[in-house]
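Remarks on the structure that follows.
The values are calculated or read from the model by the stated rules, or taken from the named source; none is laboratory data. No experiment lies behind these values; they were computed from the predicted model shown. Because the Cβ atoms are built from the backbone with ideal geometry, glycine has one as well, and the counts that use them run over all protein chains shown.
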Amino acid sequence: MTTARRKRKHYCAGLIGCTGVAFALCVATPVPRAGATEQIVVDWHTGLAISGYDPVAFFTDGKATAGSADLELRYGGTIWRFANLGNRDAFAARPDVYMPQYGGYDPFGVAGGVAVAGNPNLWTISGQRLFLFYDGARRAKFVADPERVAGSADRRWPEVLRTLTP
């Protein structure tokens, strides 16, 4: 092997080694993250609260009902949709009554100190409060003992809320 070729090989090996070390450092170094999510569960694609479902319909119709684009209301930094004008007016008058607890985050996640988005199709009303759940198993456990889970989530919610972006 010629001297020039040996120098090139040594240079390339050093360059590859440095690149490998830089890559390893980038992968191993944790990247600081912004706040976990919004204070109210918002669909990232549409910008709608609780995926565009009508929060009042859970109480009045006893089911998850999609809201209409013609009946929207901005509240809490996001857009809420409603199935009819009466529901929109009821929410506007008393949003604290109809909003899902913990901004739509799963009560088990909140009780554990973590914001886990609830699914509007997995819900229950307990003590005149709307709760959304991440999955059916969590919903079933909640229904079995709502006071215990909600009490734990109520205590942890202020702490979780501080970790969320406004």
Criterion first (more than 23 Å from Val110 (Cβ to Cβ) and touching a strand residue (DSSP E or B) at 6+ places or on another chain (Cβ under 7 Å)) does Phe58 satisfy it? no
Based on this model, can you work out whether Val21 counts as assigned to a helix (DSSP H, G or I) and modelled with pLDDT of 85 or more? no
What is the number of the single condition among (1) assigned by TED's automatic domain parsing to the domain that holds Leu85; (2) more than 15 Å from Arg81 (Cα to Cα); (3) at pLDDT below 95 that Pro30 does not meet? (1)
Residues being of a type in the set (S, T, N, Q) and surrounded by 20 or more Cβ atoms within 10 Å (Cβ to Cβ) - total across the range 40-68: 2
Output the residue which, of all residues in the range 156-166 that are in contact (Cβ under 8 Å) with a residue 12 or more places away in the chain and out of contact with any Phe, Trp or Tyr (no Cβ under 6 Å at 6 or more places or on another chain), is surrounded by the most Cβ atoms within 10 Å (Cβ to Cβ). Val160
